[in-house]
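As structure tokens, the structure follows; a few thoughts come after it.
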Amino acid sequence: MESVRTGANGAGAAMNFAIVARLALAVLFALLCAPARAMTGEAPEFRALAENVFVYVGKRNEANAMAIVTGQGVVVVDTGNSPAETRNFAKAIRAATSLPVQYVIVTQNHGDHIGGAPFFAPPATMIVHDKVAKALAEMKPWRIKAWRARFPERAGALENSGPLANVMSFPARLSLRLGGVAIDLFHVPDQYNDGDVAVWLPGLGILHAGFVGYKDRHPDIRPDYSHGTTAGMLKQLEAMIALKPKIVIPGHGPVSTADDLKVEVDYILSARAKVRAMMDRGLGIDAIRAGFDMREYAGWDLPDHFPLIAETIWREFRGEGPQRAAVAELPVNGTIRAIAELGRFLTVVTDAGDELKLRISNETFVEGVADRALLKPGVKFSATYQKPEGVTPALGYLLMEISFAP
């Protein structure tokens, strides 16, 4: 294998804003056509995109993954939305080839993309951006505990291991040559990007776009910049569009094309223009959050993200950094009242009678259930969650640990 590092990323050149000229046409098209929600199926799909290149499309817009089979082993890109999905993905790979997984490339440091890495690594080598390697080195004990316990069948291999075992990192670009297959990784520099990576197969025109590769889906950006900023997204999209990919694998949602990346650019420019116009009228953040919408993109997934998108752009225009808050770690006991997105989001009633919205991530240490998708209302639990001071997270409080009663 050859690996080449470069210290700068030429893909992040100055943005060509001639693209704005397409904006009016894109908005008109969206108004006239009102596309249906781009939702993937009720079951995951594993299929070939080209010879020896496979995509794993997550169910109901859950995280996507990719497998590249080479003469020297398999390269996996992202790892599935949950432990159950990781196992399904690995089973599909084994059905396609008897070769072992040699590398796991992580496109973003979020649990639904990196969470399945301990299923493969070690012995596989995990490849991440330098920022992600730094975050792995700083993981708190409860996160390391969850990392080791995520796959009970791997307990022996992970007992004396940690997230940094078998990790290779890079600052901007990395080229792999494995079994005659060229695989190029690149990161578009951005102050508030936590280490997103795109994966490009130049010989086939296939791009795994990671976070920014949405199709008919409102961007999942947040005021804490945990998913970057719209300015950073525009830089990434410009770099990806310049490659002229034939096939684009987004982080979530249906497989798409370069045209979908261009539509996303138009969307972001329109969203930024709307927030700027409201700011120019002297509106405060509460009014901007309440008044912002992208109704011309009717039918797109995640319309409940409008307030988060608006506040993120507002912070960008004000030159403010990410929203930060002191975080308390609190115990809670209670009963599940309602479940959303296959057990990812829980509405619960505490033993004290209060209602809470909680969120299970791939970093949550879970006991008492093999798959969160199997959870039912009425189940009792004991948990520890994070509560940011002065902030009510729109998606619910992050669970550190949760144990469900039999």
### Message
If a residue counts only when it is among the aliphatic types (A, V, I, L, M) and buried (at least 23 other Cβ atoms within 10 Å of the Cβ), which helices (runs of 4 or more DSSP H) contained entirely in region 56-137 have at least 1 such residues?
### Response
111-114, 117-120, 130-137
### Query
Considering Gly115, Gly156, Gly162, which residue is farther than 23 Å from Thr384 by Cα and not basic (Lys, Arg)?
Gly156
### Task
Give me a count of the residues in region 230-254 that are surrounded by fewer than 21 Cβ atoms within 10 Å (Cβ to Cβ) and either touching a His at 6+ places or on another chain (Cβ under 8 Å) or polar (S, T, N, Q) (or both).
1
### Query
Taking Lys376, is it among the charged types (D, E, K, R), free of Cβ contacts under 8 Å to residues at least 60 places away in the same chain and surrounded by 13 or more Cβ atoms within 10 Å (Cβ to Cβ)?
no
### Query
Is there a residue in region 175-186 that is aliphatic (A, V, I, L, M) and in contact with a helix residue (DSSP H, G or I) (Cβ under 8 Å, 6 or more places away or on another chain)?
no
### Query
Checking Val327 against (1) of a type in the set (Val, Ile, Thr); (2) more than 23 Å from the chain's Cα centre (by Cα); (3) closer than 26 Å to His113 by Cα; (4) surrounded by fewer than 15 Cβ atoms within 10 Å (Cβ to Cβ), which single condition isn't satisfied?
(2)
### Message
For region 297-323, which positions are of a type in the set (Ser, Thr, Tyr) and either surrounded by fewer than 14 Cβ atoms within 10 Å (Cβ to Cβ) or closer than 14 Å to Arg272 by Cβ (or both)?
### Response
Thr312
### Query
Among the candidates Asp216, Asp196, which residue alone is in the same structural domain as Ala172 (by TED's automatic domain parsing), on the phi > 0 side of the Ramachandran plot and not β-branched (Val, Ile, Thr)?
Asp216
### Query
Looking only at residues in region 159-172 that are more than 13 Å from Met126 (Cβ to Cβ) and touching a helix residue (DSSP H, G or I) at 6+ places or on another chain (Cβ under 8 Å), which one is surrounded by the most Cβ atoms within 10 Å (Cβ to Cβ)?
Pro171
### Residues of region 384-406 satisfying the condition of being surrounded by 15 or more Cβ atoms within 10 Å (Cβ to Cβ), free of Cβ contacts under 8 Å to residues at least 40 places away in the same chain and in a loop (DSSP other than H, G, I, E, B)
Pro393
### Message
Could you go through region 171-178 and let me know if any residue there is in a helix (DSSP H, G or I) and of a type in the set (D, E, K, R).
### Response
no
### Query
Restricting to region 200-229, what's the tally of residues that are surrounded by fewer than 24 Cβ atoms within 10 Å (Cβ to Cβ) and outside any loop (DSSP other than H, G, I, E, B)?
3
### Query
Hey, Phe381 hits all of (1) out of contact with any strand residue (DSSP E or B) (no Cβ under 6 Å at 6 or more places or on another chain); (2) surrounded by 19 or more Cβ atoms within 10 Å (Cβ to Cβ) but one; which does it fall short on?
(1)
### Yes/no for Glu363 being of a type in the set (D, E, K, R), touching a helix residue (DSSP H, G or I) at 6+ places or on another chain (Cβ under 6 Å) and under 25 Å from Gly80 (Cβ atoms)
yes
### Query
Looking at region 356-373, which of its residues are surrounded by fewer than 15 Cβ atoms within 10 Å (Cβ to Cβ) and either hydroxyl-bearing (Ser, Thr, Tyr) or in contact with a strand residue (DSSP E or B) (Cβ under 6 Å, 6 or more places away or on another chain) (or both)?
Glu367, Gly368
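The values are calculated or read from the model by the stated rules, or taken from the named source; none is laboratory data. These figures come from a predicted structure and were not determined experimentally. Methodologically, a virtual Cβ is constructed for each residue, glycine included, from the backbone with ideal geometry; neighbour enumeration extends over all protein chains shown.
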